Each structure stands twice: as C-alpha cells, then as structure tokens.
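Written out below as structure tokens is the structure these notes cover.
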Amino acid sequence: MRITVSVDGTAYTDDVEPRLLLVHYLRDKLGKVGTVVGCDTSNCGACTVHVDGHSVKSCSMLAVQADGREVTTIEGLARDGKLHPVQQAFHDNHALQCGFCTPGMIMQAIDLLADHPDPDEETVRSGMEGNLCRCTGYQNIVRAVRDAAGRMRPGAGPEAERVEQRSAQLSGGE
Amino acid sequence: MIPAPFDYVAPTTVDDAVRALADAGEDAKVIAGGQSLLPVLRMRLAAPTKLIDLGRVAELRGIREEGGHVVIGAMTTHYEIQRDPVVDTHLRLLRLATDTVADPQVRHRGTLGGALAHADPAGDLAAPVLAMDAEFVLCGMDGRRTVPAAEFFVDYFTTALRPDEIVVEVRLPKLTGWHAHYEKFNRVAQAWSIVGVAACLRVDGGVIAEARVGLTNMGSVPLRATEVEAALVGHPATAATVRAAAAHAAEGTSPAADGNADREYRQHLARVLTDRALTAAAGV
Ligand SMILES: Cc1cc2nc3c(=O)[nH]c(=O)nc-3n(C[C@H](O)[C@H](O)[C@H](O)COP(=O)(O)OP(=O)(O)OC[C@H]3O[C@@H](n4cnc5c(N)ncnc54)[C@H](O)[C@@H]3O)c2cc1C
Ligand code: FES
Ligand code: FES
C-alpha cells in the first residue's frame, strides 16, 4: 500500500506492507534508527514518537495508519547542531545510563511539557508512566524533565523549536 | 516480533466498514486504536487475514449532548475523553476512570469503543459505563440496534457484538452533580486493575438519593454491586453508612484467581476499595 508520511519535516512516499509497524518503517525504511524497540508488549515506551503533535508508541501503530500524518522522532529535535532543551537537560542532569530508554523518555517528556508546562514531581512521574528505564535511573530523569520545564517556559510540544530558539536568545542575553 | 501478513482497508463511513467486515468473513477484525490488538498481533496470539481500520471514519469520533444524554463516538480516544468539559461536567466517573487507563501514549491512541469491545475483565471502563447505565449503539448489515451495557458484556473477552457488527457509539445518561470516584488497585505503573470500584452517588439534603457501584475484575464481566447500592439509598451520606454498605461488596461474586490475587483476596479488595471509593465520592 502506498503511504505519504511527513517525518521530521520531510515528506516520504513509500509502498509498504500493511503489517509493517511504524517503528520498523522509521528504522528500516527511513534509517531513523534513533527510535528504538525495547519490548513486544507495548509497555516500555522506548519507541515513542509524536504523531500529529501527540506522543504514541510507534511499535503499536501501523505505518499505514500514519498515512497523511506528521511524525516527529528524536532525530528531528536538534537544530543546527544544537540540542533541543529537553535533550540538553537530560545531558546536563545525567538522566541516562545505558541510554536505551532515552529517545522515548525525551519524546514523552516533550509531550508532557506541552500539557503541563510547569509539572510537579508527581505530574512528571505519572506523565512518564509509559516509559520504563531498565537502568532504573528515574531520579535524574524526573530532575531533567523539571529542569527542561524551566528552560522552556512557556509551553513546549509542537512549539518546541520556536521555544528552543527563544531560550537560546534568552540565555545568550544573560 | 512482527504481525503475520494481512490485508488492510480503511473505510471512511460506518456503512462501508460494516460491509467490509461482512464481506471479509470470520477471519477479519476491526482495528480501532490498536493498543490491545497490535500487541496481540505482534505476539502472534491472533492472525486475522484482514484488518478494517476504523481510524478514518469521521462519524465514529466525537462527543455530543443529546437532551439528557451524552453520546460518545466509539473512536473517541481516551485522551479526548479526559479533556472534554461535557464529560467532566456530566460523566465525571468516566473521566476519572479514563485517567487511570494505561499511560499517556496509549491514551492518545486507545479508544472508548475499542476498550469496551475488547471486554477484558480487568479493563477499567466497563464497570463505570455499566454503573452509569450506558447503552451501546451497534451497527451491522441489518442496521442499527441498541444494547444496554448489562447485556453487552457476555463473558471473558466476549460481547453481544455479532460478527458483522461494530460499536458505533455509547449513549450515557447525564449524571450531572453526582459525586463520583474510581478506585483502582494495582501494583506497578501502567498496570491493569487487580480489582477496581466505580462509584457514583446523588446526595440530596445529606441523604443518598441514588447510588451506583460497578466492580472491575470481580468476574468474567463487569458487575453491579447491587447489595451495596441497596444499603446506601435512603441513608445519610456518612462514614458509617459507607462502611456498612461496603461490607456487601463481594456478595454473589466469584472472581478468578490468578498470579495477582486469589479469589478471597479479590473479595477482600472489593470490600476495601468500595469503602474507599464511596468515601472519596461522598467526601465523608
Ligand atoms: C501498556 C498498556 C497498558 C494498558 N493498561 C490499561 C489499563 O490499565 N486499563 C484499561 O482499561 N486498559 C488498558 N490498556 C488497554 C487500552 O485501554 C486500549 O486502548 C483498549 O483496550 C483498546 O482500545 P483500542 O482502541 O486500542 O482498540 P483495539 O486494540 O484497536 O481493538 C481492541 C479489540 O476491540 C475490537 N474493536 C475495536 N473497536 C471496535 C468497534 N468500534 N466495534 C467493534 N469492535 C471493535 C477490535 O477488533 C479488537 O478485538 C492498556 C494497553 C496497553 C498497551
Ligand atoms: S517498543 Fe514500543 S513500547 Fe516497547
Ligand atoms: S538508561 Fe538504560 S534503560 Fe534507561
């Protein structure tokens, strides 16, 4: 079946088998291997991407279901060699150990911050409930998300890139 | 793992979806949010030959008021329900239960119709819609029919849906001003209910005028705790009333035993969680 999907700002048209999962389309067909697969049961969240501005587990969606939609992966966040503020906050707060869960954690954190620009710890923990860290580094992940909130206020999500520029300007002006 | 091969169609109307389902025969399945179905296909626990995707049927999506009812399209997502002001005002219990389902990613894709049609006894939305006296509008080749929630759930993972039928919408009577709470017991993040209790009450002048209590995972289908309801109505909304009523919560139930809980423990949980749910709902 022929699909056209926008991924990280570029439109792709491909013939795919209906059974192809979105995550395999991204990795195997488009080479977007930043999005990873961690489980068979839709539990781990490592494969989280945004579809039309909302987080989804890309292992739990068919590529054909993404036809006509806009997908953002972890590879679409950095701009001109500069990390997205959530990526930078994960780096600065040592919010990764092996790093396998990190792409999904960051994508979910951006979604969470779009709905809750200034989350308390409990809001972060429940908002990141669908993402498991096998290294169990949750303390620093929570810290990084709250730190990112501070860097990105006001708002995030679909606005993230513009906010990223704004925060760059702000820190440049300090 | 990856699913076994299947054909795929994405109709845009209910009529086309039903026709596709009827034409494809027994081995076809509809896919809604895919949050229960795709894990099953990935693990090859099922291998339908054809998937009929309801994701592009606009008429299945959305929330509207119709007099004394709120009507929710089957393809309305959990996330949309969580954020809808009409639901929050008139169907607070559904909103509270939906808040406990899975995790944000799953709630962005998963749908009310899919969760109910899946009919997992541990699913968190069946007991609330049963307690709210919902009706299901189903559509097949012979047209539409309306089935009360009490008749929709038939057995483990089994509903009144005929092979050529889909859930079109769920009609829920408005429970405006009722007090509600959904008390879910599980052990780890994003887990299903070991037991859950859905409670809503209408309190008039300090007296419980109406009471509805639904139980999750206390049998093969969601149950109404009718003895609890009877023990509440007509009594003052106090902690003593709640405690006495909650003691009846497990009466007539025969829940399954599994790795999470044996039968007696589930019955114990039903009583404790009913007490908590009613206490929170009544604010006593
Ligand atoms: C990690 C994880 C955790 C979860 N935790 C919970 C939880 O705590 N509580 C809970 O209640 N649920 C939980 N779920 C399930 C979630 O609620 C799903 O969204 C829901 O069960 C299925 O909805 P869906 O729209 O994704 O349906 P699908 O997966 O697309 O379909 C499910 C079944 O229903 C049928 N179906 C779907 N729509 C219709 C229709 N309109 N008419 C007829 N048949 C239809 C399909 O053919 C299929 O058999 C969890 C899921 C995951 C992946
Ligand atoms: S790989 Fe998608 S949830 Fe684990
Ligand atoms: S850092 Fe290793 S899984 Fe999270």
What number of residues within region B:125-146 satisfy the criterion of being of a type outside the set (Gly, Ala, Ser), open to solvent by less than 10 Å² (accessible area, probe 1.4 Å) and within 14 Å of ligand 1 (Cβ to nearest atom)?
6
Quick one: count up the residues across region A:1-50 that are hydroxyl-bearing (Ser, Thr, Tyr), within 14 Å of the chain's Cα centre (by Cα) and more than 9 Å from chain B (Cβ to nearest Cβ).
1
Exactly one condition in (1) open to solvent by 20 Å² or more (accessible area, probe 1.4 Å); (2) in a helix (DSSP H, G or I); (3) more than 14 Å from chain A (Cβ to nearest Cβ) is false for B:Glu80; which is it?
(3)
Pull up region A:25-50, narrow it to residues that are open to solvent by less than 40 Å² (accessible area, probe 1.4 Å) and either basic (Lys, Arg) or closer than 15 Å to B:Leu41 by Cα (or both), then point me to the one that is farthest from ligand 2 (Cβ to nearest atom).
A:Lys32
Residue count, region B:83-119, condition within 14 Å of chain A (Cβ to nearest Cβ) and of a type in the set (D, E, K, R), comes to 5
So, restricting to strands (runs of 3 or more DSSP E) that lie completely within region B:1-70, which ones have at least 2 residues that are more than 11 Å from chain A (Cβ to nearest Cβ)?
B:28-31, B:63-66
Quick check on A:Gly104: is it within 16 Å of ligand 2 (Cβ to nearest atom), open to solvent by less than 70 Å² (accessible area, probe 1.4 Å), in contact (Cβ under 8 Å) with a residue 40 or more places away in the chain and part of a loop (DSSP other than H, G, I, E, B)?
no
Go through region B:85-102 and report how many residues are more than 14 Å from the chain's Cα centre (by Cα) and surrounded by 20 or more Cβ atoms within 10 Å (Cβ to Cβ).
2
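The values are calculated or read from the model by the stated rules, or taken from the named source; none is laboratory data. In this text the structure is predicted, and so the values were computed from the model without any measurement. Here the Cβ is made from the backbone with ideal geometry for all residues, glycine too, and neighbour counts use every protein chain on show. When the accessible area is computed, the model is the full protein with side chains, heavy atoms only, and any ligands, DNA or RNA have been set aside. Shrake-Rupley method; radii C 1.70, N 1.55, O 1.52, S 1.80 Å.
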